[in-house]
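Notes to accompany the following structure.
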Amino acid sequence: GAPAHSAATRHTPLVIAHRGSSQAEPEHTLKAYQRAIEEGADGLECDVRLTADGHLVCVHDRRVNRTSNGRGIVSTLELAELEGLDWGSWKAAHEDDDEVPDRNRGQLLTLRALLTTVLETKRPIGLAIETKHPTRYAGLVERQLAKVLADFGLAGPPEPGKHWVRMMSFSQLAVQRMRQLCPDVPTVYLVEDSMPLRFRDGSLPKGVHTAGVDVRLLRRHPRIVERQHSRGHQVFAWTVDRPEDVDLCLELGVDAIISNRPRDVLDAVRSA
Ligand code: G3P
Ligand code: CA
């Protein structure tokens, strides 16, 4: 059939804030997400991990060491222990910040708190939630994610003009689990620089309709976008911070640009 996204139907890509507006604010804090929403981002990206007592928290690394003042592995710590850490001080404060410490800049963020913020936002916000693997809890992470999405009324099919959710993972198994648990939530199969050869022709794991592609891979293999589009798939590119990468994404017509600097990308998209 005809390509789903020919030049004639080229659309504006969604701009998704990677870990929030994380160039400016400490990643995965409420402050970083609030800023992304204020800046006009269409969507928010977050990584989720399960605590020892079964809560989903927004943390990228397996350990807390890089982004907090603590040490240890997220999945071995309880929510209260993680909440006792400072998640903001590792990143220098802005020169223009006033003396008043901003709690939202230094606190752990749970997925539930992030979803509450999304639902409170008047305009539709997308949430691209990534589960990290391997993990000691394996399928429990997806089961818990499915439960939280259902609790927030976000497990249904995407509707125009409403908040939306996508589940992403580098793990095919995780994506498939999520499809079984929440068949209506679209999934994104993430591919790094070492994209499996069998997906270079535009195919994806069964039932997945979006490729989440490392922009470094797009630099070397730009035709991935048209191949995915020709099969009716979408392409989300990450992590797109350099102006030349933003230009490449606009030229290739990707469907979403995931960036630590959503405001800069929005400016580039609007002036394209
Ligand atoms: O959006 C996908 C991207 O976040 C994957 O890489 O390491 O930043 O989670 P990472
Ligand atoms: Ca991620």
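A few points about this structure:
- Ranked by how many other beta carbons lie within 10 Å on average, peptides 136-143, 237-244 from highest: 237-244, 136-143
- Taking the inverse of the mean reciprocal distance over all distinct Cα pairs, the Kirkwood hydrodynamic radius of region 65-224 comes to 18.1 Å.
- Restricting the calculation to Cα atoms, every distinct pair contributes to the Kirkwood radius of the chain, found to be 18.9 Å.
- Close amide-amide hydrogen proximity is noted between residue 188 and 167, 168, 169, each under 5 Å apart and 5 or more residues distant or on a separate chain (H modeled in the peptide plane; Pro and chain starts excluded).
- Using alpha-carbon coordinates, inclination of helix 172-181 to the longest axis of the chain, degrees: 80
- Gaussian network model of the chain, Cα within-10 Å springs - most flexible of 123, 177, 35: 123
- Spherically averaged projected area in nm², based on the convex hull that wraps the Cα atoms of region 157-233: 5.4
- Model label points for residue 11 and residue 159, set 7 angstrom from Cα along the Cα-to-Cβ axis, are 1.9 nm apart.
- For the pair residue 201 and residue 242, label points projected 7 Å from Cα toward Cβ lie 3.1 nm apart.
- Degrees, to the nearest 10: 243-252 long Cα axis against longest axis of the chain: 40
- Candidate lysines for bridging to residue 162, where Cα separation is under 18 Å - those fewer than 8 sequence places away on the same chain excluded: 122
- Options 194, 222, 117, ranked by Cα towards positive dipole end of region 108-250, top entry (Cβ charges): 194
- Springs between Cα atoms under 10 Å define the GNM used for the chain, and in it the highest mean-square fluctuation of 148, 254, 188 occurs at 148.
- Residues whose amide H comes within less than 5 Å of that of residue 70, counting only those at least five positions distant or on another chain, are 86 (H built at 1.01 Å from N in the peptide plane).
- For the chain, built as a Gaussian network whose Cα springs stay under 10 Å, the top-fluctuating residue of 157, 196, 26: 196
- Value of relative contact order over region 177-240, rounded to a whole percent, pairs C-alpha under 8 Å and six or more apart: 33
- Charges were assigned to the Cβ only: +1 to each Lys and Arg, -1 to each Asp and Glu. The resulting dipole of region 65-193 about its Cα centre is roughly 680 debye.
- Between 0 and 90°, nearest 10: helix 111-120 axis offset from the chain longest Cα axis: 70
- For the chain, the relative contact order is 22 percent, taking Cα pairs closer than 8 Å that sit 6 or more residues apart in sequence and dividing their mean separation by the residue count.
- Those lysines that a straight Cα-Cα span of less than 18 Å connects to residue 147, excepting residues fewer than 8 apart in one chain: 132
- Take each peptide in 78-90, 162-174, count the other Cβ atoms within 10 Å of every residue, and average; sorted highest first, the result is 162-174, 78-90.
Every number here is computed from the coordinates shown, using simple stated rules; none is lab data. In this text, all values refer to a predicted model and were calculated from it rather than measured experimentally. For neighbour counting, all protein chains shown are included, and Cβ atoms are generated from backbone atoms with ideal geometry for every residue, glycine included.
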